[in-house]
């Protein structure tokens, strides 16, 4: 499958149909959530205190939702109006759920924080209404032309799967290097001193990755690229981590090695991590995403039950859950 | 678009000397309550440009169904320690004004060049034309 970036402008690729498909795909939602959680981890924000975060290329607000769950206040910008409309729809849905009017019938229903006291078929069944935090603000804007904020506005910046779009030019006037430099120098100004930026992107080649790092370094950022799971084509993820401190060194990426170090908590000192299978669990946070499959390809019972639930919500015919669902089958031989 | 975001928005059109703060021309306003996070507000206040906030409230006020809370004309919010002494009523008013008022439809106007940025469905369109980059 060719890269979306090669087909044309981001706002043309993410038209209404594509935006809707993107937002309702549970796989997409799951992946974006994971990436966002990892990016938040790399940000090393002050704990227990909400931060004011800029989400560049926020799309339909998948990453923004994760930021909200962590209690942060965010502002997002995206060049595709259709994706932003999806984000608005998502906010409306959440609001209706919070008011107990709607049925939580979307695929990405990991809104565990939302207890309704509604009397319709809500499978959470809580008795208190938890107030929803204020959702993020959205801007329709092209990041390659800079960021429309006054200096030192934000405590941090994240970007999930968006930065690579700057590497392709769609009109005669667009030069990737110029757009990247414009973006980074603008980012340098709108972040307050001591802030950090984590931008996950999909480089087409090492040239792209180098171009991006060079443009970031040229404007004065320190940092580097953290690569998670470098040996897996599917799981490999690149995070550009930027900081104002000249002495900052980017932490090691995850390698997914299993072993005795699995159950150790994360080291809180330098961010150097050797083998940390599930950062969410290790950090002691409540696992907010859907259950994971076993590494190595097996499926856990929770994963099966969650998947069946998702299929039911989609309206597909699904067998009832019984005590035999996902039972351990005897070994083949 | 909330006034919190508006407080940080700036026009970066080429040739603009001071694209901040943007003037607001209101068409529709929305009002939605949210829980007050006192600590976050106190952390945020030193960054907020208070004069811009007051000016924005004045521009939004005439179009609101429910009157917006009264804010003092000037207040020095730059000192985080002093902000701890603010009373709850002021904090609540500040929160209402920053987080709960949304500009749904309208225009944001650059004070320097007069360039108008449209706001539709709560989303400002800040996309620059080719000659403005």
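The values are calculated or read from the model by the stated rules, or taken from the named source; none is laboratory data. These numbers come from a predicted model, not from an experiment. Ideal geometry is used to build each Cβ from the backbone, glycine not excepted, and the neighbour counts take in all protein chains shown.
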Among residues of region A:4-29, those that are under 20 Å from the mean Cα position of the chain (by Cα) and closer than 23 Å to residue A:204 by Cα, counted: 12
Residue in region A:76-83 that is within 14 Å of another protein chain (Cβ to nearest Cβ), under 25 Å from residue A:311 (Cα atoms) and surrounded by 17 or more Cβ atoms within 10 Å (Cβ to Cβ) present: yes
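Any residue at all in region A:116-133 that's at pLDDT 80 or above, within 16 Å of residue A:65 (Cβ to Cβ) and in contact with a helix residue (DSSP H, G or I) (Cβ under 9 Å, 6 or more places away or on another chain)?
There is no residue in region A:116-133 that is at pLDDT 80 or above, within 16 Å of residue A:65 (Cβ to Cβ) and in contact with a helix residue (DSSP H, G or I) (Cβ under 9 Å, 6 or more places away or on another chain).
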Filter result (within 12 Å of another protein chain (Cβ to nearest Cβ) and modelled with pLDDT of 90 or more) within region A:36-52: A:52
Odd one out for residue B:76 among (1) within 11 Å of chain A (Cβ to nearest Cβ); (2) modelled with pLDDT under 90: (1)
Region A:201-225: number of residues that are in contact (Cβ under 8 Å) with a residue 24 or more places away in the chain and either within 14 Å of another protein chain (Cβ to nearest Cβ) or under 13 Å from residue A:248 (Cα atoms) (or both): 6
Test for residue B:81: is it out of contact with any strand residue (DSSP E or B) (no Cβ under 6 Å at 6 or more places or on another chain), more than 14 Å from every other protein chain (Cβ to nearest Cβ), surrounded by fewer than 18 Cβ atoms within 10 Å (Cβ to Cβ) and over 28 Å from residue A:50 (Cβ atoms): no
Given (1) more than 30 Å from residue B:133 (Cβ to Cβ); (2) away from chain A (no Cβ under 14 Å); (3) touching a residue at least 24 places away in the same chain (Cβ under 8 Å), index of the condition residue B:55 fails: (1)
Some residue of region B:95-112 being away from chain A (no Cβ under 14 Å) and in a helix (DSSP H, G or I): no
Condition check for residue A:198: more than 19 Å from residue B:128 (Cβ to Cβ), more than 23 Å from the chain's Cα centre (by Cα), modelled with pLDDT of 90 or more and more than 14 Å from chain B (Cβ to nearest Cβ): no
Filter result for residue B:5 (touching a strand residue (DSSP E or B) at 6+ places or on another chain (Cβ under 7 Å) and either at the interface with another protein chain (Cβ under 10 Å from one of its Cβ atoms) or at pLDDT below 85 (or both)): yes
Selection status of residue B:118, within 14 Å of chain A (Cβ to nearest Cβ), assigned to a loop (DSSP other than H, G, I, E, B) and at negative phi: no
